[in-house]
Amino acid sequence: ETIRYERLDALGFVFDTKAHAWNIGFMHFLAIPEDGDGHRVVVQTFVTNDGYRLGAWQHTQRQQRRSGKLDKSRMAR
């Protein structure tokens with residue numbers, strides 16, 4: 001079974017789709033330039049040039065933080 005896992009992993013198979021989706025959002029977030037105060041803020045309706053709904057992603061992160069559901073390691077990033 002380990003060999004199957006390693007083979008799939010070597011091909012780029014995504015095992016944790018939720019973590020993968022969060023990382024995609026985070027990469028889009030990092031692509032936004034910081035403002036004068038060092039913040040990256042976009043309106044909730046903001047969509048990147050490649051169609052990613054970054055404003056919705058950022059809004060979700062705020063909601064999860066307020067409700068105590070945002071993982072501390074994600075908050076630290």
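The values are calculated or read from the model by the stated rules, or taken from the named source; none is laboratory data. Since the model is a prediction, treat every value here as computed from it, not as a measurement. With ideal geometry, Cβ positions are generated from the backbone for all residues, glycine too; neighbour counts draw on all protein chains shown. These accessible areas exclude ligands, DNA and RNA; they are computed on the full protein's heavy atoms, side chains included. Shrake-Rupley method; radii C 1.70, N 1.55, O 1.52, S 1.80 Å.
Data for the structure
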| read-out | value |
| --- | --- |
| Sequence of Leu8, Leu54, Leu70 when ordered by accessible area, the most exposed leading, probe 1.4 angstrom | Leu8, Leu70, Leu54 |
| The chain - percent relative contact order, Cα under 8 Å, separation 6 or more | 17 percent |
| Theoretical FRET efficiency, 1/(1+(r/R0)^6), r = Cβ-Cβ of Val47 and Leu8, R0 35 Å, to 0.05 | 0.65 |
| Magnitude of the charge dipole, the chain, Cβ model with Lys/Arg +1 and Asp/Glu -1, debye to 20 | 380 debye |
| Accessible surface, per residue, of the chain when the full set of protein chains is kept, probe 1.4 Å, Å² | 82 Å² |
| Theoretical FRET efficiency, 1/(1+(r/R0)^6), r = Cβ-Cβ of Ile24 and Glu1, R0 25 Å, to 0.05 | 0.35 |
| Placed amide H near Phe46: partners under 5 Å, 5+ positions off or other chain | Gly55, Ala56 |
| In order through the range 39-45: 3J(HN,Hα) via Karplus (6.51 cos²θ - 1.76 cosθ + 1.60), integer Hz, x for Gly, Pro | 10, 10, 10, 10, 6, 4, 8 |
| MRE, 222 nm, helices only [DSSP H, n ≥ 4, -39500 (n - 2.57), over the chain, to nearest 500] | -16000 deg cm²/dmol |
| With every protein chain in place, the chain: carbon and sulfur % of accessible area (1.4 Å) | 52 percent |
